[in-house]
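First comes the structure, then the notes that go with it.
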Amino acid sequence: NHNSSKTDIQPNNSEYLFSDGIVYGIYSGETVADFKNKTSAENVYKADGTIAKSGKLKTGFTAVIDSKTYVIAVCGDVTGEGNVNSKDVTLLQKHLCDNVELDGAYLKAADFNLDGEADNRDLVLISRQKN
């Protein structure tokens with residue numbers, strides 16, 4: 001249940017964001033079918049390069065849209081496991097303490113409120129999401 005305030009943004013789910021070869025603004029629980037319905041992606045690929053025919057999207061998956069390859073970043077899925085849980089919170093905490101370097105789609109996934117920064121606000125939001 002999301003209420004809209006400046007720190008907790010739930011963008012229109014049909015409008016994914018594209019930047020630097022990453023597609024983001026995707027929320028945990030969205031499926032491969034959801035993604036293909038909302039984009040012109042022909043296929044979605046798992047991190048190992050095999051085609052993801054069904055199931056939940058995970059950070060680190062890729063999709064080819066209009067002949068350009070994008071890496072998928074699922075908000076809060078910092079580990080790339082496809083769900084948001086305490087492991088994601090722990091990994092972001094380590095990143096914020098400079099013990100782990102997050103980059104690319106994993107850093108985008110850590111930016112839960114989509115303000116361009118992976119910071120303590122995102123840590124709080126992700127910790128509220130976990131199942």
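The values are calculated or read from the model by the stated rules, or taken from the named source; none is laboratory data. Given the structure is predicted, the values throughout are model-derived calculations rather than measurements. FYI the Cβ positions are ideal-geometry reconstructions off the backbone, even for glycines, and counts take in every protein chain you see. Heads up: the accessible areas ignore ligands, DNA and RNA and are worked out on the full protein's heavy atoms, side chains in. Shrake-Rupley method; radii C 1.70, N 1.55, O 1.52, S 1.80 Å.
Some points to look at:
- Residues of the range 86-112 with amide N under 15 Å of the 7 Å Cα→Cβ point at Val124: 112
- With a Förster radius of 25 Å applied to the C-beta separation of Gln93 and Leu17, the computed FRET efficiency comes to 0.50.
- Carbon plus sulfur fraction of accessible area for the chain, probe 1.4 Å, in percent: 45 percent
- Derived scalar couplings between HN and Hα for the range 64-76 equal 9, 10, 6, 6, 10, 8, 10, 8, 8, 10, 8, 3, x Hz in order, rounded to whole Hz, by the Karplus curve 6.51 cos²θ - 1.76 cosθ + 1.60 (θ = phi - 60°), x for Gly and Pro.
- Estimated vicinal HN-Hα couplings, Hz - the range 112-126 in sequence order (Karplus 6.51, -1.76, 1.60; Gly, Pro = x): 5, 8, 6, 9, x, 10, 9, 9, 4, 4, 5, 4, 5, 4, 5
- Checking the cross-link pairs Lys38/Lys87; Lys53/Lys87; Lys38/Lys94; Lys46/Lys68 against a 24 Å limit on the alpha carbon distance flags Lys38/Lys87; Lys53/Lys87; Lys38/Lys94 as lying beyond it.
- For the chain, the Kirkwood hydrodynamic radius from C-alpha pairs, put into Stokes-Einstein at 10 °C and a viscosity of 1.306 mPa s, yields a diffusion coefficient of 109 µm² per second.
- Based on protein heavy atoms only, the chain ends up with 54 Å² per residue of surface accessible to a 1.4 Å probe.
- Packing-based ranking of 33-44, 87-98, 69-80 yields 69-80, 87-98, 33-44, ordered from highest to lowest mean Cβ neighbour count within 10 Å.
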